[in-house]
Amino acid sequence: MFGNANLEIPESGDVTPPSRLLYPVSEVAVLLGISEKQVGRYIERKELRSRKLGRRRLVHRDDIEAFIRDHAAVDAA
């Protein structure tokens, strides 16, 4: 249903995900290299913003970028 054969994984250090605006949790997990369950935990803890659209939980591209930047800063400290 959400599959995208052209899904690109960001290069190391690149915080720009592919050009779509909204991503389902399953694709966010692939982009971040973590499990869907872990993405859900970040959303519950409000470390990763998301929105509901009908029954689907979606994450905006800008929120993915902010999450990557915030966690890269924590890892560097």
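The values are calculated or read from the model by the stated rules, or taken from the named source; none is laboratory data. The structure displayed is predicted, hence computed values, not measured ones. Here the Cβ is made from the backbone with ideal geometry for all residues, glycine too, and neighbour counts use every protein chain on show. What goes into the accessible areas is simple: the full protein's heavy atoms, side chains included, and nothing from ligands, DNA or RNA. Shrake-Rupley method; radii C 1.70, N 1.55, O 1.52, S 1.80 Å.
With all protein chains in place and ligands, DNA and RNA left out, the 1.4 Å accessible area ranks Glu44, Glu27, Glu36 as Glu44, Glu36, Glu27, largest first.
Determine the gain in length on full extension of the stretch Arg45-Glu65; use 0.36 nm per residue of separation and subtract their C-alpha separation, reporting nm with one decimal.
Working: separation 20, 0.36 × 20 = 7.20 nm, distance 1.72 nm.
That works out to 5.5 nm of additional length.
Computed FRET efficiency, Cβ-Cβ of Lys52 and Ala73, R0 22 Å: what is it to the nearest 0.05? The partial results should precede the final answer.
Values: r = 28 Å, r/R0 = 1.28.
The pair Lys52/Ala73 has a calculated efficiency of 0.20.
Residues in segment 50-58 carry Karplus couplings, in order, of 8, 9, 9, 10, x, 8, 8, 9, 10 Hz; the curve used is 6.51 cos²θ - 1.76 cosθ + 1.60 with θ = phi - 60°, and Gly or Pro positions show x.
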